[in-house]
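Novice: Okay, here's the structure, questions in a sec.
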Amino acid sequence: MHPAFSVLIFTVTSGAGYGLLAWLGAGQLLGYTQGFIVAQQLSLGIVAMVLISIGLASSTMHLANPKNAWRSFSRFRTSWLSREAVFAILLYPVAALYAAAIFLQWPSINLLAGLSIILALVTLFTTSMIYASLKTIRQWNTPMVPALFMAYALISGGSLFLAVNSFFGALNYQLLAVVIGLVLITLALKLVYFFWQGKPQGATIQTATGFSQASVRLLDAGHSAPTFLNREFGYQVAADLLLRLRIVMTLVTFIVPLGLFYWVFDGAGRTELLAVAWFTMMAGLLLERWLFFAEARHVVRLYQGEQRT
């Protein structure tokens, strides 16, 4: 699959924003943000909504005609993309009311915090299901895709939550330990996904037709010039390069941030390193999302003259 840069930015930055908003709301419900000053809580919320807005704005750039983005709201009953659009827009007024509740200390602040968490996580889930619902792409059609989308949002949002709080001098080491645990769980889940996915290849024309013991070849590719299918579904990257990039992604997304987190947790490193860990993790997640597309093999490739999909 062609890894469009606008979609990479959309899924990574909005995921971090939704994750950060979920951490802020959970902090209100569990009581560990009630000691924060109003400016600190509002800063966390504003950063979250800015990241979400950057992601949503970037997603419209992937459209051939961005002015038609409003049409994405019209198929809520059947389209995961339409559901994502609806829930993403619904989050804005709820988040605005939550910010007002923080500033004015409304009694309904816990209710609004809970609604913000629910809408953030539901929007994340609908985004992940745009990909996980596609049976034509084996690498995406698995429950591990929604689980990883949610996990990435929580670790990137949690890392940013810690970095912003450290700026205000209010680092909670118990929360740091929780984030370290979540990063380890996400790393384990990603390794399981790699093991299940196998090497960056996919189905063959034999498995697609069911003639696994026979020699099958395509007689006619069905086209004589490049098409939309070739451009979007025929992205070519060498398998050995993809394997090397998997290693780099694992190091940048998980191992380096974990090392920085532990250094701060142990008291040997300055809290400013949490910001470095977040930026490093975000760079790794961009690479992860690039691999997510580049390693995906749509079955239509088999009918375009390729031996693997």
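Novice: If Tyr98, Tyr173 are ordered by their accessible area, calculated over protein heavy atoms with a 1.4 Å probe, which sequence runs from highest to lowest?
Specialist: Heavy-atom accessible area, descending, gives Tyr173, Tyr98.
Novice: With +1 assigned to the C-beta of every Lys and Arg and -1 to the C-beta of every Asp and Glu, and no other charges, what is the dipole magnitude of the chain about the Cα centre in debye, to the nearest 20?
Specialist: Using Cβ point charges on Lys, Arg, Asp and Glu, the chain gives about 740 debye.
Novice: Using a cut-off of under 17 Å, list every residue of the range 156-178 whose amide N is near the label point 7 Å from the Cα of Ile54 along the Cα-to-beta-carbon line.
Specialist: Answer for the range 156-178: 156-165.
Novice: Can you give the extra length, in nm with one decimal, that the chain gains between Leu189 and Leu90 once fully stretched, where that is 0.36 nm per residue apart less the Cα-Cα distance?
Specialist: Gain on extension, Leu189 to Leu90, equals 32.6 nm.
Novice: Follow-up. With every protein chain left in place and a probe of 1.4 Å, what is the accessible surface of Asp266, to the nearest 10 Å²?
Specialist: Looks like 100 Å² after rounding.
Novice: Another question about this same structure. Picking from Phe233, Gly158, Val256, whose Cα lies most toward the positive end of the charge dipole for the chain (charges on Cβ: Lys, Arg +1; Asp, Glu -1)?
Specialist: So the residue furthest toward the plus end is Phe233.
Novice: From the square roots a ≥ b ≥ c of the eigenvalues of the alpha-carbon gyration tensor of the range 61-185, which class results: rounded (a/c under 1.5), prolate (a/b over b/c), or oblate?
Specialist: Oblate.
Novice: Which residues does a label at Gln105 reach in the range 9-42, if reach means a backbone N under 16 Å from a point 7 Å past the Cα toward the Cβ?
Specialist: Label zone hits: 33-42.
Novice: So if I place +1 on the C-beta of Lys and Arg and -1 on the C-beta of Asp and Glu, and nothing else carries charge, what would the dipole magnitude of the range 49-185 be about its Cα centre? I want it in debye, nearest 20.
Specialist: For the range 49-185, the charge dipole is close to 560 debye.
Novice: With every protein chain kept in place and ligands, DNA and RNA left out, what is the accessible area per residue of the chain? Probe 1.4 Å, answer in Å².
Specialist: Value returned for the chain: 48 Å² of accessible area per residue.
Novice: Write down the radius of gyration of the range 5-303 and its Dmax, each obtained from C-alpha positions, in Å.
Specialist: Spelled out, the Cα radius of gyration and Dmax of the range 5-303 are 21.2, 72 Å.
Novice: Using the charge dipole of the chain (Lys, Arg: +1 at Cβ; Asp, Glu: -1 at Cβ; taken about the Cα centre), state which of Gly284, Gly267, Leu44 has its Cα farthest towards the positive end.
Specialist: Gly284
Novice: Between Thr142 and Ala170, what's the calculated FRET efficiency when r is the beta-carbon distance and R0 is 51 Å? Round to 0.05.
Specialist: Result of the calculation: an efficiency of 0.85.
Novice: Tell me the mean residue ellipticity at 222 nm calculated for the chain from its helices only (DSSP H runs of n ≥ 4, each -39500 (n - 2.57), averaged over every residue, nearest 500).
Specialist: -22000 deg cm²/dmol
Novice: Calculate, in nm to one decimal, what Arg71 and Ile255 gain on full extension: separation in residues at 0.36 nm each, minus their alpha carbon distance. Could you put the intermediate results ahead of the total?
Specialist: Working: separation 184, 0.36 × 184 = 66.24 nm, distance 4.15 nm.
So the chain would gain 62.1 nm between Arg71 and Ile255.
The values are calculated or read from the model by the stated rules, or taken from the named source; none is laboratory data. From a predicted model like this one, the values you see are computed outputs, not experimental measurements. We place every Cβ from the backbone using ideal geometry, glycine too, and count neighbours over all the protein chains shown. Side chains are part of the model used for accessible areas, which takes the heavy atoms of the whole protein and leaves out ligands, DNA and RNA. Shrake-Rupley method; radii C 1.70, N 1.55, O 1.52, S 1.80 Å.
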